[in-house]
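Q: Can you read through this structure? Questions will come right after.
Computed from the coordinates by the stated procedures, all read-outs in this text should not be read as laboratory data. Quick caveat: nothing in here was measured; it's all calculated off a predicted structure. Counting neighbours? That spans all protein chains shown, and the Cβs are built from the backbone with ideal geometry, glycine included.
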Amino acid sequence: MGGTAALDGLSFRRAEPADAPLLAQLMSDRQVLRNTLQLPLPGVEMWRERLERQAREAQQFHVLALQGEVAVASAGLHPVTTSLRTRHCAGLGICVAPDCWGRGLGTELMRRLLDWADNWAGILRIELGVFTDNARAIALYRKFGFEEEGCHRANALRDGVYVDTLLMARFHPNPPQLPASTKSP
């Protein structure tokens, strides 16, 4: 089962453009791919461009979990739109290699993402979509306070079949406030 012992031998760091080959490899695993909206056979150049864009944008946060020199998981937060009026919202994406399922890696990545969102980035709302048959991911999100907000029927094509997507969101559990000493009487 999960826990710190199960994470021994893994390292975590922010993704950078040079990691494009690692992400292309991770996303080429069919079991990883089928739980995301990525397309098969991702190119290294596509990932390099995406990672370069993330490196330039302060509102992007992308963490890799590595086992030696191999990426075994990826998780990130990104703006949901470019509108100034939604800068308090972020979208979440996460994937874990099947060999690492059940080791607590998703929990550790969520802990790191939410620490960044809650304590450093001022994000109030985090939203995501998850396929309705992905019980493991849904349980992980619920564990971290995500609640169901709706369902998009036949939202994505996966393995030649349309699948439904559950919409979930989490609000900052303790939004930043002014210190008591600076509040007006």
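Q: Roughly speaking, what is the stretch gain from residue 81 to residue 37, that is 0.36 nm per residue apart minus the C-alpha to C-alpha distance, in nm to one decimal?
A: In short, 14.1 nm is gained.
Q: Rounded to the nearest 20 debye, what is the charge dipole size of the chain about its Cα centre when +1 sits on each Lys and Arg Cβ and -1 on each Asp and Glu Cβ?
A: Details: 21 positive and 20 negative charges, 93 e Å.
The calculation lands at about 440 debye.
Q: If you take the charge dipole of the chain about its Cα centre, with +1 on Lys and Arg Cβ and -1 on Asp and Glu Cβ, which of 73, 100, 154 is farthest toward its positive end?
A: Of the listed residues, the answer is 154.
Q: Provide 123, 138, 94 in ascending order of the number of other Cβ atoms located within 10 Å of each residue's Cβ, fewest first. Numbers along the way, then the final one.
A: Numbers: 123 25, 138 17, 94 22.
With the fewest neighbours first, 123, 138, 94 line up as 138, 94, 123.
Q: From the residues 47, 28, 130, which one has its Cα farthest along the dipole of the chain in the positive direction, the dipole being from +1 and -1 charges on Cβ of Lys/Arg and Asp/Glu about the Cα centre?
A: After comparing all options, I get 130.
Q: Determine, for 141, 162, the number of other Cβ atoms within 10 Å of each Cβ, and report the residues in order from fewest to most.
A: Working: 141 23, 162 10.
Fewest-to-most ranking of 141, 162: 162, 141.
Q: In which sequence would 101, 116, 47 go, from the one with the fewest C-beta neighbours within 10 Å to the one with the most? Walk me through the intermediate numbers first.
A: Details: 101 13, 116 16, 47 22.
Least crowded to most crowded, the residues run 101, 116, 47.
Q: Counting DSSP beta bridges in the stretch 5-182, what percent are antiparallel, to the nearest 5? Don't skip to the end; give the middle numbers.
A: Values: 34 of 37 bridges.
Taking every DSSP beta bridge within the stretch 5-182, about 90 percent pair in antiparallel fashion.
Q: I've got another one for you. From the P(r) of the stretch 1-95, can you give the percent of Cα pairs sitting at distances over 21 Å?
A: Values: 1599 of 4465 pairs.
The share of Cα pairs beyond 21 Å in the stretch 1-95 comes to 36 percent.
Q: Please return the longest range in the chain lying between exposed loop sites, taking GluC sites (Glu not before Pro), DSSP loop only, at most 16 other beta-carbon atoms within 10 Å, and leaving the sites out. Kindly include the intermediate steps, with their values, before the conclusion.
A: On the way: sites that count: 57, 69.
It works out to 70-185.
Q: Still on this structure: Any idea what Rg and Dmax come out to for the chain if you just take the C-alpha atoms, in Å?
A: Radius of gyration, then largest Cα-Cα span, for the chain: 17.2, 62 Å.
Q: Further, regarding this structure: Binned at 5 Å from 0, what are the whole-percent values of the Cα-Cα distance distribution for the stretch 72-151, short to long?
A: The calculated distribution, bin by bin, is 3, 14, 26, 25, 18, 10, 3, 1, 0.
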